[in-house]
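A.B. asks: I am attaching a structure below and will ask some questions about it afterwards.
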Amino acid sequence: MTNSAKPPIWFWVVSIVALLWNAMGVFNYLNQAYNKEAMLEGLEQAQREVFEGIPAWATAAFAIAVFSGILGSIALLIRKKWAKPLFTISLIAAVAQFVNWLFLSNTVEAFGPSAYVMPLIVVIIGFYLIFFSKKGIQKGWLS
């Protein structure tokens, strides 16, 4: 017997927004991985060098972050508690990627202080999705 409670409407709204957010991440990863030349065309030389110098481990971390994030979002929509570990993996992989982006490359010099904006947003949303899925488990919305 399951102890599943019906989630409120806002649960579904947050879950759909999470899916859209993570779908944008998958799109960005695929664009960076498979459409790199077009992406690099509009960048200054220093910015191009940052993207061209991304190590394989950081690219792998990016892939793990976005694909585990979208799977976590799907898990929310089908009300599965494995959303939480998927969001945790996503956040850890994103932070690993951002270590390279912010501290091991010349990103800040090439892009300026705005280089911190997206990593900060991603980390905040990542923590929120972990918290949200944890609350969903506690409330019985996820099983």
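The values are calculated or read from the model by the stated rules, or taken from the named source; none is laboratory data. In this text, all values refer to a predicted model and were calculated from it rather than measured experimentally. Positions of Cβ are backbone-derived with ideal geometry, glycine not excepted, and every protein chain shown enters the neighbour counts.
A.B. asks: Considering SER73, SER90, which residue is within 10 Å of the chain's Cα centre (by Cα), in a helix (DSSP H, G or I), among the hydroxyl-bearing types (Ser, Thr, Tyr) and at pLDDT 95 or above? Outline the logic, then answer.
C.D. replies: On the way: SER73 fails: within 10 Å of the chain's Cα centre (by Cα).
From the options SER73, SER90, the qualifying one is SER90.
A.B. asks: List every residue pair whose Cβ atoms sit under 8 Å apart, with the two residues 6 or more apart in sequence or on different chains, where the first one lies in the stretch 47-64 and is within 13 Å of SER105 (Cβ to Cβ) and the second, anywhere, is modelled with pLDDT under 85 and assigned to a helix (DSSP H, G or I).
C.D. replies: Here the result reads ARG48/LEU40; PHE51/LYS36; PHE51/MET39; PHE51/LEU40; GLU52/LEU40, each pair linking the stretch 47-64 to a residue that is modelled with pLDDT under 85 and assigned to a helix (DSSP H, G or I).
A.B. asks: Going through the stretch 94-112 one residue at a time, which ones are touching a Gly at 6+ places or on another chain (Cβ under 9 Å) and either surrounded by 15 or more Cβ atoms within 10 Å (Cβ to Cβ) or assigned to a helix (DSSP H, G or I) (or both)?
C.D. replies: Across the stretch 94-112, the qualifying residues are ALA94, VAL95, SER105.
A.B. asks: Got a number for residues in the stretch 13-30 being over 10 Å from the mean Cα position of the chain (by Cα), closer than 21 Å to GLY136 by Cβ and loosely packed, with under 15 Cβ neighbours inside 10 Å?
C.D. replies: Result for the stretch 13-30: 4.
A.B. asks: Now, a different point. Need the failing condition index for LYS80 against (1) more than 25 Å from ILE137 (Cβ to Cβ); (2) surrounded by 13 or more Cβ atoms within 10 Å (Cβ to Cβ); (3) at pLDDT 95 or above; (4) over 15 Å from the mean Cα position of the chain (by Cα), just the number.
C.D. replies: For LYS80, the exception is condition (1).
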